[in-house]
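What follows is a short report on a single structure.
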Amino acid sequence: MTGQPIINTETGVITFPPECFKRRISEEHKTKLSLANAGENNPFYGKCHSEETKAKLKELNRLGIIGRKGQRNTPEHNAKISMANKLAYSTPERKAMISNRECYKTPEFREKMSNLRKVTLNRKRGTPEQILQTTAWRAKIEEWIKEHSYPHTGHKLTEEQRERLSLAHKGKPHTEKQKIGQQRQIEKMKELWKDPEWRNMLSRKAAAGAQRRPTTTESKMEMFLNHYFPNQYKYSGDGTEIIGGLIPDFIDTNGNCRVIEIFGDFWHSPRMTGMTCEQEEQDKIDRYEDLGFKCLIIWERELDIIIWDREIEEAALIPLINKVTEFNKA
């Protein structure tokens, strides 16, 4: 014991201050204790906690009965830590190292820090076997994400969620920083759109993301073409064929630069496009013509005569047959 007991002469009570119970162990003694409990001399050498014991320790740690979870340092403890750090960084060697930042730029120093970082990461990740297991698990997760759709696909917001989102964004104009960022993004997209390869790639991804498939009208046209013009046109509205950023509904398979577009009566109406039907047709034809392709427009109403599971008189299809035949001769 390092302190001395205090004797009250009036009552005869002896008080032992905390210093009496603080033992100072010499470095030699510490070394002996370490060697005495190292390796096979350690009573827990080669042993492992049982699953039941692990569960108990975990629960005790969670409740804060053992360990320091949920505990805070006292102000005196924080003051001691602060003073120790100040003393450590006040030495001449430490000050010289901090002031001389050039040493950080040397290849030797960077290699040393890189090796230390790798060692630290390996300790956190675990053994090589554990790292391989983690890598394999991540690969499985990535494969699952590719096979499945986006988690929010098909998810609809409730009216309450819509109202909260509306109130959160209402009356909040974009800041100058946001406006500048938007303008930069627009300019960048315009520049990228000039590249045909990038334009086709973006159109292909958009078609794949939308999971495009033949609509009812497109299926009618596909059946019509396969019957009256076999092996001449194939469906490409799913993004399999992209021409200058445009996705034709049907494309010639014999090497001729011809495409067929199907126009829905509603989506290509003047109400939706702001143009007349003739202007809408000519606009699409001109865009394909600039790319070296001839385009035929078929309207949805022209295919209304084709009804599933019903016999159709060929005479009713003669106008459509003649239209496609004249287009093939042009």
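Those residues that are outside any helix (DSSP H, G or I) and surrounded by 11 or more Cβ atoms within 10 Å (Cβ to Cβ), I need them from segment 268-290; list them, please.
Listed by number, the residues that qualify are HIS268, SER269, MET275, THR276.
Among (1) farther than 16 Å from ILE297 by Cβ; (2) touching a residue at least 12 places away in the same chain (Cβ under 8 Å); (3) touching a helix residue (DSSP H, G or I) at 6+ places or on another chain (Cβ under 9 Å); (4) assigned to a helix (DSSP H, G or I), where does LYS234 come up short?
The single condition LYS234 does not satisfy is (4).
Which of the residues belonging to segment 225-262 are within 19 Å of MET201 (Cα to Cα) and hydroxyl-bearing (Ser, Thr, Tyr)?
TYR235, SER236, THR240
Out of curiosity, is ASP265 touching a Phe, Trp or Tyr at 6+ places or on another chain (Cβ under 9 Å), on the phi < 0 side of the Ramachandran plot, assigned to a loop (DSSP other than H, G, I, E, B) and surrounded by fewer than 19 Cβ atoms within 10 Å (Cβ to Cβ)?
Yes: the conditions hold for ASP265.
How many residues does segment 281-324 contain that are closer than 22 Å to ASN256 by Cα, hydrophobic (A, V, I, L, M, F, W, C) and in contact (Cβ under 8 Å) with a residue 40 or more places away in the chain?
7
State the number of residues belonging to segment 308-330 that are modelled with pLDDT of 85 or more and within 20 Å of THR216 (Cα to Cα).
4
Go through GLY255, GLY274, GLY245, GLY239 for me and flag whichever is at pLDDT below 90, among the small types (Gly, Ala, Ser) and in contact with a Ser or Thr (Cβ under 6 Å, 6 or more places away or on another chain).
Answer to the check: GLY245.
Go through THR253, THR217 for me and flag whichever is crowded, with 18+ Cβ neighbours inside 10 Å, over 36 Å from the mean Cα position of the chain (by Cα) and within 21 Å of ILE321 (Cα to Cα).
Residue meeting the stated conditions: THR217.
If you go through segment 291-302, how many residues are surrounded by 15 or more Cβ atoms within 10 Å (Cβ to Cβ) and out of contact with any strand residue (DSSP E or B) (no Cβ under 9 Å at 6 or more places or on another chain)?
Selection size over segment 291-302: 1.
May I ask you to verify whether LEU202 is in a helix (DSSP H, G or I), within 25 Å of LEU296 (Cα to Cα) and at pLDDT 85 or above?
no
Is it true that ILE305 is at pLDDT 90 or above, in contact with a helix residue (DSSP H, G or I) (Cβ under 6 Å, 6 or more places away or on another chain) and either outside any strand (DSSP E or B) or surrounded by 16 or more Cβ atoms within 10 Å (Cβ to Cβ) (or both)?
No.
Report whether or not GLU187 is at pLDDT 85 or above, more than 19 Å from the chain's Cα centre (by Cα) and either surrounded by 11 or more Cβ atoms within 10 Å (Cβ to Cβ) or not in a helix (DSSP H, G or I) (or both).
no
Pairs please, first residue from segment 199-220 and farther than 14 Å from PRO248 by Cα, second anywhere and at pLDDT 75 or above and assigned to a loop (DSSP other than H, G, I, E, B), Cβ atoms under 7 Å, 6+ apart in sequence or on different chains.
Between residues of segment 199-220 that are farther than 14 Å from PRO248 by Cα and residues that are at pLDDT 75 or above and assigned to a loop (DSSP other than H, G, I, E, B), the close pairs are ARG199/GLY244; ARG199/GLY245; ALA208/GLY239; THR217/GLY264; LYS220/ILE306.
Among the listed residues ARG94, ARG62, identify the single one that is over 39 Å from the mean Cα position of the chain (by Cα) and either at pLDDT 65 or above or not in a helix (DSSP H, G or I) (or both).
Only one candidate passes the filter, namely ARG94.
The values are calculated or read from the model by the stated rules, or taken from the named source; none is laboratory data. Everything numeric here is computed off the predicted structure, so don't read it as measured data. No Cβ is skipped: glycine too gets one built from the backbone with ideal geometry, and neighbour counts run over all protein chains shown.
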